[in-house]
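Structure first, commentary second.
The values are calculated or read from the model by the stated rules, or taken from the named source; none is laboratory data. Since the structure is predicted, the reported quantities are computational estimates derived from the model, not experimental observations. Cβ: placed from backbone, ideal geometry, glycine included. Neighbour counts: every protein chain shown.
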Amino acid sequence: MSSREKILAILTGGVLAVAVVAMLVNKMILKPLATHKAAAKKLRLDVAKYETRVNKKPLYVKSIHDRRLRTFGATIEEAHRGIRAHLDTLLKASGLDVGTLTTQRDSSRMGTTEVGYLIQAKGSLKDTIDFLYLLDGDQHLHRVDSIEWTPIARSTDVNLKLRYMTLVIDPVKGLKAGKIDPSKFPVASKVTDKARRAYAAISDRDLFRPYVRMPDPPKPPPVVKKTDPPKPPPKKPDPPKPPTYRVTSLSNFPGTPPIVLENSKSGETTDYEIGDDLMGGEIVMVEYLKRPKVNDPEDVSLSRMIVRIERKYYAVDLGDALGDRYELSGDRMPLELIEAHRKLDPKATKTQQTSGPSAQREGNEAKPGTENTVSSNVGARAR
């Protein structure tokens, strides 16, 4: 064998030996080491999760204990009695007629038992919205589901059906059980709240009124041919129509006039303030409140000007002409004007209090300086 062949054989053997050694090191050392590192990393993550769960356990225990105190009783019998008294109060406050209250009970699991009532009542759509509004402000631990209401034939009332459920929670281990007092959590909402007025459009538009088909128009009388009368002399041109004034601005920024009216014919504008004379009456306030327009319920009004003419109050929405004014009555009258309206016309106010939703706000006095009113006595000035 020549020296060259010996060198090639040595190199080949060396490469093979290195490859074998590398395979043995990877199989016996490197691969087991990587497996152990992955297992150690997983164990560290599991330990961190367990420590987090253990550290949060006091928070979970306190949360469950606080929710237990917001229930209606420590036993199923106490809970049923407390729920029944609570629902009777809410139904009476809303004005609904109670049909039936059927007890409900689901299976117990994980130290809790779900109990409640199936409520069936009837009344006007307004009373139904009042009841649901009160349930929304209930601070007790509860859940409302399976809500449905259906119109009653040949009537404007509706049938309401829903489930009111709560939990009976076992005492938490390690904490004092504590006395459950449902009276500590009164309903936070009232039907006279200002926020309730945002739902007035549902009952005002009477969404569940039964459909009544309009009668067919009468048949036209038979056509009788007549001789054409002599043509009248040409009419004189109509006199120019008086200009139409439109409310173009109801600003509440300092340094700007609260009310601006525009002459649709000439384009000129005139500034007014609270207390100025307008339409044979006096501007009493500007109300900033989002609501559907009375003349066009599909449109939304963000503010309106209110004028007192003799013993009545009229409103004109921003963007409308003065001729589009409408009279304020019932729950459409701002709370700030109820007392002033009572002084001007006690008889009319008494009728509204006994027949409309505003009777529920009889005791509310007007509060000057609220965020949706503007008061000023500066006279009008031409821009």
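General observations
- Among (1) touching an Asp or Glu at 6+ places or on another chain (Cβ under 8 Å); (2) within 16 Å of Lys92 (Cα to Cα) - the single one Leu162 does not satisfy: (2)
- Checking Gly82, Gly73, Gly99, Gly95 one by one, the residue that is surrounded by 12 or more Cβ atoms within 10 Å (Cβ to Cβ), under 15 Å from Asp170 (Cβ atoms) and of a type outside the set (Asp, Glu) is Gly73 and no other.
- If you check Arg109, Arg67 for being of a type outside the set (Gly, Ala, Ser), surrounded by 12 or more Cβ atoms within 10 Å (Cβ to Cβ) and within 20 Å of Arg163 (Cβ to Cβ), only one passes: Arg67.
Let's see how each residue does on (1) aliphatic (A, V, I, L, M); (2) modelled with pLDDT under 85; (3) assigned by TED's automatic domain parsing to the domain that holds Lys184:
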| position | (1), (2), (3) |
| --- | --- |
| Val47 | yes, no, no |
| Arg81 | no, no, yes |
| His86 | no, no, yes |
| Arg105 | no, yes, yes |
| Glu114 | no, no, yes |
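- When Val54, Val61 are checked against the criterion of being among the β-branched types (Val, Ile, Thr), surrounded by fewer than 12 Cβ atoms within 10 Å (Cβ to Cβ) and not assigned by TED's automatic domain parsing to the domain that holds His142, Val54 stands alone in meeting it.
- Test for Tyr272: is it within 17 Å of Thr248 (Cα to Cα), touching a residue at least 24 places away in the same chain (Cβ under 8 Å) and of a type in the set (Phe, Trp, Tyr): yes
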